[in-house]
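One structure is given below, encoded as structure tokens.
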Amino acid sequence: MSGAPDWVITCDEERFPTVEAFESGTLDPEAFDHQSHVFIAWKLLEENSLARATTKFLSALKRLTVALGIESKYHETISCFYMTLIAERRIGQAGQTWADFVSSNPDLLGPSVDLLARYYTRERLWSDLARRQFLLPDKTCQAVNDKGI
């Protein structure tokens, strides 16, 4: 075993679904992985406020999970947390390309469990309440200082 991750970060925007396909539910669900979620969030934040982008993202994601019969996969805390963190990381980065964002924020594109464990206890994050509504992190977070924020 080489120790290399079983995921690869990609900067190729063509690999990801469009915002329109996400909002209309016409994207290929097999291709809608974690990095696709982050890309769509990044694109929505490019043209919308955090509040508007989050509303659009959550609405489309809820519709998509219902249409696919996988409502149990929807997780409001994880979705809102990522939207907020992506928005925060975009501050002062007007005109930044996806490739620039990726190279500056690889932690957002790797396995989400690794990043989330720095902010949330397992009990809080995987509670039924956290799935239904956004909960603030419950860990004191050194991770924020790692980015110099």
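Using each residue's phi in region 33-41, evaluate 6.51 cos²θ - 1.76 cosθ + 1.60 at θ = phi - 60° and report the 3J(HN,Hα) Karplus result to the nearest Hz, with x for Gly and Pro.
Residue by residue, region 33-41 yields 8, 4, 5, 5, 4, 5, 4, 4, 4 Hz.
Before rounding to the nearest 500, sum -39500 (n - 2.57) across all DSSP H runs of length at least 4 in the chain and divide by the residue total; then give [θ] at 222 nm in deg cm²/dmol.
Only helices count here, giving -15000 deg cm²/dmol.
Classify region 82-135 from the C-alpha gyration tensor, please: rounded if a/c falls under 1.5, else prolate or oblate depending on whether a/b exceeds b/c.
prolate
Could you give the dipole magnitude of the chain about its Cα centre, charging the beta-carbon of Lys and Arg +1 and that of Asp and Glu -1, in debye to the nearest 20?
Dipole of the chain, to the nearest 20 debye: 580 debye.
Say the dipole of region 47-102 comes from +1 at the beta carbon of Lys and Arg and -1 at that of Asp and Glu; which of L50, L85, L68 then lies farthest toward its positive end?
L68
As I understand it, the dipole of region 13-146 uses +1 on the Cβ of Lys and Arg and -1 on the Cβ of Asp and Glu, about the Cα centre. Which of L116, L27, N105 lies farthest toward its positive end?
Towards the positive end, the residue furthest out is L116.
Send over the per residue convex hull volume for region 13-146, Cα only, as a whole number of Å³.
In region 13-146, the Cα hull volume divided by residue count equals 109 Å³.
Values in this text are rule-based calculations from the coordinates and carry no lab data. These figures come from a predicted structure and were not determined experimentally. Using ideal geometry, Cβ is built from the backbone for each residue, glycine included, and neighbour counts are taken over all protein chains shown.
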